Amino acid sequence: MKRLPVIPTIIVGIAIAVMIGLGVWQLQRMAWKEALLAEYRTASDKPAIAWPQLPDPQALPLYRKSSVNCLEVTGWRSSSGRSASGASGWVHIASCRTGAEGPGAQVVAGWSQRPDSPDWKGGQVSGMIAPDSSALIRLVAAPPVAGLQAVQKPSPEDIPNNHWAYAVQWFLFAGIAAVIYGLAVARRTRSPSSA
């Protein structure tokens, strides 16, 4: 019977330990995400806050009420989205200058059936803070600016919490690696059959 290969066994053992560690980490992240989502669900019931000029990426005030004074619209972008009634169309997002300092604000001005930029030039707007892929946060106007309809209200339910699936995936990888390596070692260390 051949001896157990030491170096490959150590390498595979370390890899399995890392995969189990990643699974445990995902379970910890799942608990963190559930607490964060619970906080977001109650955020809209809290008092309005001042618009954060420089949002902290680690503590975004998502789903809180706020307002911003859009001194000037410096650009528009439109993306597919839904109205408050669920109709498909275009969500219009204004890049606003809010003063001399800071990056300004992204304001979801409203929804329409066409991608054409609205006529809105700026002004005071109130609404809810929502996630933004390029600027971290944006203000979803409620009510929408003149000439546009209300967009679908942002919801914390739109934020995925798939850490459980990732944890299961890492544990499965660790189990599969252990089984495959165990079979390979068993085959290698088996006594050669007599000829």
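The values are calculated or read from the model by the stated rules, or taken from the named source; none is laboratory data. Every value quoted in this text rests on a predicted model; they were computed, and no experiment measured them. Using ideal geometry, Cβ is built from the backbone for each residue, glycine included, and neighbour counts are taken over all protein chains shown. Please note that ligands, DNA and RNA were not included when accessible areas were found on the heavy atoms of the full protein model with its side chains. Shrake-Rupley method; radii C 1.70, N 1.55, O 1.52, S 1.80 Å.
Key figures for this structure:
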{"read-out": "Backbone N within the stretch 159-193 under 19 Å of label point (7 Å from LEU27 Cα along the Cβ vector)", "value": "161-178"}
{"read-out": "Anisotropy class of the stretch 58-128 from Cα gyration tensor, a/c 1.5 cut", "value": "oblate"}
{"read-out": "Segment ARG190-LEU71, length gained on full extension (0.36 nm per residue, minus Cα span)", "value": "35.0 nm"}
{"read-out": "Most fluctuating residue given options ALA94, ALA174, ALA59, as computed from a GNM of the chain linking Cα atoms under 10 Å", "value": "ALA59"}
{"read-out": "Accessible area in the full protein assembly, largest first, 1.4 Å probe, for VAL145, VAL6", "value": "VAL6, VAL145"}
{"read-out": "Distance between modelled label sites at GLN53 and SER85, nm, 7 Å Cα→Cβ extension", "value": "4.1 nm"}
{"read-out": "Percent accessible area from carbon and sulfur atoms, the stretch 22-90, protein chains only, probe 1.4 Å", "value": "55 percent"}
{"read-out": "Overall dimensions of the stretch 131-195 as given by Cα atoms, namely Rg and Dmax in Å", "value": "27.2, 91"}
{"read-out": "Estimated dipole of the stretch 1-75 in Debye, rounded to 20 [Cβ of Lys and Arg +1, of Asp and Glu -1, Cα centre]", "value": "460 debye"}
{"read-out": "Principal-axis tilt of helix 6-43 within the chain, Cα atoms, nearest 10 degrees", "value": "30 degrees"}
{"read-out": "Nearest-10 value in Å² for the accessible area of LYS153, using the 1.4 Å probe", "value": "140 Å²"}
{"read-out": "Reachable aspartates and glutamates, given that their alpha-carbon falls under 19 Å from the alpha-carbon of LYS153 and they are not under 8 places away in the same chain", "value": "GLU39, ASP45, ASP132"}
{"read-out": "Most mobile of PRO160, PRO103, PRO144 in a GNM of the chain (Cα contacts under 10 Å)", "value": "PRO160"}
{"read-out": "Cα centroid of the stretch 1-69 to Cα centroid of the stretch 135-195, whole Å", "value": "12 Å"}
{"read-out": "Gaussian network model of the chain, Cα within-10 Å springs - most flexible of ILE137, ILE16, ILE129", "value": "ILE16"}
{"read-out": "Contact order relative to length of the stretch 76-195, as percent, for alpha carbon pairs under 8 angstrom and 6 or more apart", "value": "20 percent"}
{"read-out": "Label point distance in nm, ALA178-SER117, each placed 7 Å from Cα along Cα→Cβ", "value": "5.9 nm"}
{"read-out": "The chain - Debye-derived log10 I(q)/I(0), Cα point model, q = 0.12, 0.18 Å⁻¹", "value": "-0.70, -1.14"}
{"read-out": "Helix axis angle, 163-189 relative to the chain longest principal axis, alpha carbon, degrees", "value": "20 degrees"}
{"read-out": "Cα-projected label distance for SER44 with VAL18, points at 7 Å along beta-carbon direction, nm", "value": "4.3 nm"}
{"read-out": "Unit charges at the beta carbon, dipole of the chain: most positive-side option, ALA174, GLY21, VAL151", "value": "ALA174"}
